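Here's the structure, in structure tokens; my notes come after.
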Amino acid sequence: MQGVIFDLDGTLLDSMPLWRTAARNYLRDNYGIYADESLADEVLKLTITEAAELVRTRYGLAADTAEVAAGVNGIMERGYFHTIAPMPGAEELLKALKARGIPMAIATATDRYLVEAALARLGWTGYFCTVSTCTEAGAGKRESAAVYDVAMKSFGGSRKECTVAEDSAHAARTALAAGYRVAGVGADPALISACTVHIPSLVPVKRALEALLG
């Protein structure tokens, strides 16, 4: 085991409920547009830039993509800076991995400033070798394993000897196809067939730790 690469949202942080409403709230508050709830299922598979472009073009917004992305991020800021809680068992798991000398990194579609704000608030910054974002890696998790590769290089690992912990099936499939060992975290039935090992929840921590370490 050369290291563990964690997805952030829905894996370590309980932030998905906020993300599910962010784009719809942006449209409602800024344009009076009431988007269908299905919009969340689409944007959650995208980087923030891709999601902003989808929203801008679909609803004919006058704002450019960067402005839409900034608006959605602005809605999320309070959560990352002040309120989003860890997933149950997340902090205990990070402590256990660090105590065993296992390098860890973050690979996420969320923009860096939000990630770093949450990590600093929770006192988690010291757990991770690096934060790798899809925006900076140049590709989303549907298309490429680039965001995982950037994270992996921070501790000099190799794909086959690193575990990627993900809660989304599309991201897990990408990591698995690239040769990573993948731990699927959560109850999504589609995740089970897309991972090397399935972890229903991070609690009990002992079970999650054993699954991550193989």
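The values are calculated or read from the model by the stated rules, or taken from the named source; none is laboratory data. The structure presented is a predicted model; accordingly, all values stated were derived computationally and were not measured. A quick note on method: Cβ atoms are made from the backbone with ideal geometry, for glycine too, and the neighbour counts reach across all protein chains shown. These accessible areas exclude ligands, DNA and RNA; they are computed on the full protein's heavy atoms, side chains included. Shrake-Rupley method; radii C 1.70, N 1.55, O 1.52, S 1.80 Å.
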* To do: Report yes if some residue within the range 7-17 is open to solvent by 70 Å² or more (accessible area, probe 1.4 Å) and touching a helix residue (DSSP H, G or I) at 6+ places or on another chain (Cβ under 8 Å); otherwise report no.
  => no
* Asked: Looking at the range 165-210, which of the residues that are buried (at least 23 other Cβ atoms within 10 Å of the Cβ) and of a type in the set (S, T, N, Q) is modelled with the highest pLDDT?
  -> Thr174
* Among the residues of the range 120-139, write down those that are polar (S, T, N, Q) and either touching a His at 6+ places or on another chain (Cβ under 8 Å) or open to solvent by 30 Å² or more (accessible area, probe 1.4 Å) (or both). => Thr125, Thr130, Thr135
* Among (1) among the β-branched types (Val, Ile, Thr); (2) touching a residue at least 24 places away in the same chain (Cβ under 8 Å); (3) closer than 14 Å to Leu12 by Cβ, which single condition is Thr130 missing? -> (3)
* Could you please tell me which pairs satisfy a Cβ distance under 6 Å, a separation of 6+ or placement on different chains, a first residue in the range 147-176 that is under 22 Å from Lys45 (Cβ atoms), and a second residue that is aromatic (Phe, Trp, Tyr) and surrounded by 24 or more Cβ atoms within 10 Å (Cβ to Cβ)? => Val164/Tyr148; Val164/Tyr180; Ala165/Phe6; Ala175/Tyr148
* **Long-range neighbours under 7 Å by Cβ, at least six apart or interchain, first residue hydroxyl-bearing (Ser, Thr, Tyr) within the range 80-104, second crowded, with 22+ Cβ neighbours inside 10 Å** => Tyr80/Leu114; Tyr80/Ala118
* Structure fact -> Residues of the range 61-94 being within 18 Å of Glu37 (Cα to Cα) and open to solvent by 60 Å² or more (accessible area, probe 1.4 Å), in sequence order, are Ile75
* **All positions within the range 2-22 that are at pLDDT 95 or above, touching a Leu at 6+ places or on another chain (Cβ under 7 Å) and either β-branched (Val, Ile, Thr) or assigned to a helix (DSSP H, G or I) (or both)** => Val4
* To do: Within the range 173-200, count every residue that is over 16 Å from Ala105 (Cα atoms) and assigned to a helix (DSSP H, G or I).
  => 8
* With respect to Glu50, determine if the residue is buried (at least 19 other Cβ atoms within 10 Å of the Cβ), within 17 Å of the chain's Cα centre (by Cα) and either part of a helix (DSSP H, G or I) or hydroxyl-bearing (Ser, Thr, Tyr) (or both). => yes
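Yes or no, residue by residue, for (1) among the hydrophobic types (A, V, I, L, M, F, W, C); (2) more than 19 Å from Ser15 (Cβ to Cβ); (3) part of a helix (DSSP H, G or I); (4) open to solvent by less than 60 Å² (accessible area, probe 1.4 Å):
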{"position": "Lys141", "(1), (2), (3), (4)": "no, no, no, yes"}
{"position": "Val147", "(1), (2), (3), (4)": "yes, no, yes, yes"}
{"position": "Ala151", "(1), (2), (3), (4)": "yes, no, yes, yes"}
{"position": "Thr163", "(1), (2), (3), (4)": "no, yes, no, yes"}
{"position": "Leu212", "(1), (2), (3), (4)": "yes, yes, yes, yes"}
* Asked: Give me the pairs: first residue in the range 56-73 and assigned to a helix (DSSP H, G or I), second residue open to solvent by 60 Å² or more (accessible area, probe 1.4 Å) and not polar (S, T, N, Q), beta-carbon distance under 6 Å, and six or more apart or on different chains, which are they?
  -> Thr65/Glu53; Thr65/Arg56; Val68/Arg56
